[in-house]
Amino acid sequence: MIKVLFFAKLSEQLGCRELQVEVTAAEDTDQLFKYLIGHKAEWSNILTSQLCLKAVNQAMVNDNVLLKDGDEVAYFPPVTGG
Amino acid sequence: MISVQEQDFNQQEEYDRLKCKTSVGAIVTFTGLVRDINNGQSVSDLSLEHYPGMTEKCLVDIVEKAKRRWNVIESTVIHRVGQLAISDQIVFVGIASQHRGDAFAACEFIMDYLKTQAPFWKKETMSDGQTQWVDAREVDQDALSKWVEK
């Protein structure tokens, strides 16, 4: 399974902080994103209408990344700490 | 020392810890506070969310980057999370170095990277009770560009 996490405004909009996705539905991050867009009717608009950063196993990535069982993928808005 | 914590921190204790070696000739510290105004709107309090695990890794990485570029004898990064009130301390960066130039640069570098890379998110409660997530600012991204090595 792939552990998917959402943070901050994005998790509020989606109404979800965490979900598990079968690896067969998400062999890489591009596939995973497509899966998430189709997960619920309203998710497509939320996920595609704003800048979502992503991290794989707690490291930020820009490009498509291959996924394996046990990986953790997080989506979140641009950061605003400090 | 790197810490992501709910509790407040004490400036004197952090300063004393940075001053622990006799080779230290300069200490620069930065403290970020909760402002009562943002984009012209009155703010009544602030909550801070983070990504446990990734946040700490990210801060370690930023400090390592700074240590590769400047003389850093001792360093401290503390970032608070959870519910904060106006004027509360949010973040502390302290650098002990042999000379002030390195201490100033490393401190500013760490803050600039923290603000744009470390997974923290602020949510403000306005004086009318409405809440809003703080948007990332372009000026923070611009601040990073001065650290790109030519």
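When restricted to residues that are part of a helix (DSSP H, G or I) and either in contact with a His (Cβ under 7 Å, 6 or more places away or on another chain) or more than 14 Å from every other protein chain (Cβ to nearest Cβ) (or both), region A:42-78 contains 5. Here residue A:3 passes the criteria (1) in contact with a helix residue (DSSP H, G or I) (Cβ under 9 Å, 6 or more places away or on another chain); (2) among the basic types (Lys, Arg); (3) modelled with pLDDT of 95 or more except the one numbered (1).
Screening A:6, A:33 for residues that are among the hydrophobic types (A, V, I, L, M, F, W, C) and within 14 Å of chain B (Cβ to nearest Cβ) leaves exactly one candidate, A:6.
Taking the criterion of being within 20 Å of residue B:21 (Cα to Cα) and of a type outside the set (Val, Ile, Thr), the residues of region B:70-91 that qualify are B:70, B:71, B:74, B:75. Residue A:81 satisfies every condition listed in (1) surrounded by fewer than 16 Cβ atoms within 10 Å (Cβ to Cβ); (2) at negative phi; (3) small (Gly, Ala, Ser); (4) part of a loop (DSSP other than H, G, I, E, B) except (1). Can you tell me how many residues in region B:2-28 are within 14 Å of chain A (Cβ to nearest Cβ) and surrounded by 14 or more Cβ atoms within 10 Å (Cβ to Cβ)? Selection size over region B:2-28: 3.
Applying the condition of being free of Cβ contacts under 8 Å to residues at least 24 places away in the same chain and surrounded by 15 or more Cβ atoms within 10 Å (Cβ to Cβ) to region B:119-150 and asking which residue is farthest from the other protein chains (Cβ to nearest Cβ) yields B:132. Restricting region B:98-144 to residues that are over 13 Å from the mean Cα position of the chain (by Cα) and β-branched (Val, Ile, Thr) leaves a set whose member that is farthest from residue B:73 (Cα to Cα) is B:131. Taking region B:111-137 as the range and being assigned to a strand (DSSP E or B), within 21 Å of residue A:58 (Cβ to Cβ) and not charged (D, E, K, R) as the test, the residues that pass are B:120, B:121.
Which condition number does residue A:36 fail, the rest of (1) aliphatic (A, V, I, L, M); (2) surrounded by 13 or more Cβ atoms within 10 Å (Cβ to Cβ); (3) under 22 Å from residue B:138 (Cβ atoms) being met? Checking residue A:36 against (1) aliphatic (A, V, I, L, M); (2) surrounded by 13 or more Cβ atoms within 10 Å (Cβ to Cβ); (3) under 22 Å from residue B:138 (Cβ atoms), the one that fails is (3).
The values are calculated or read from the model by the stated rules, or taken from the named source; none is laboratory data. Because the structure is a prediction, the values reported are computed rather than measured. Quick reminder, even Gly has a Cβ in these numbers, built from the backbone with ideal geometry, and neighbours come from all protein chains shown.
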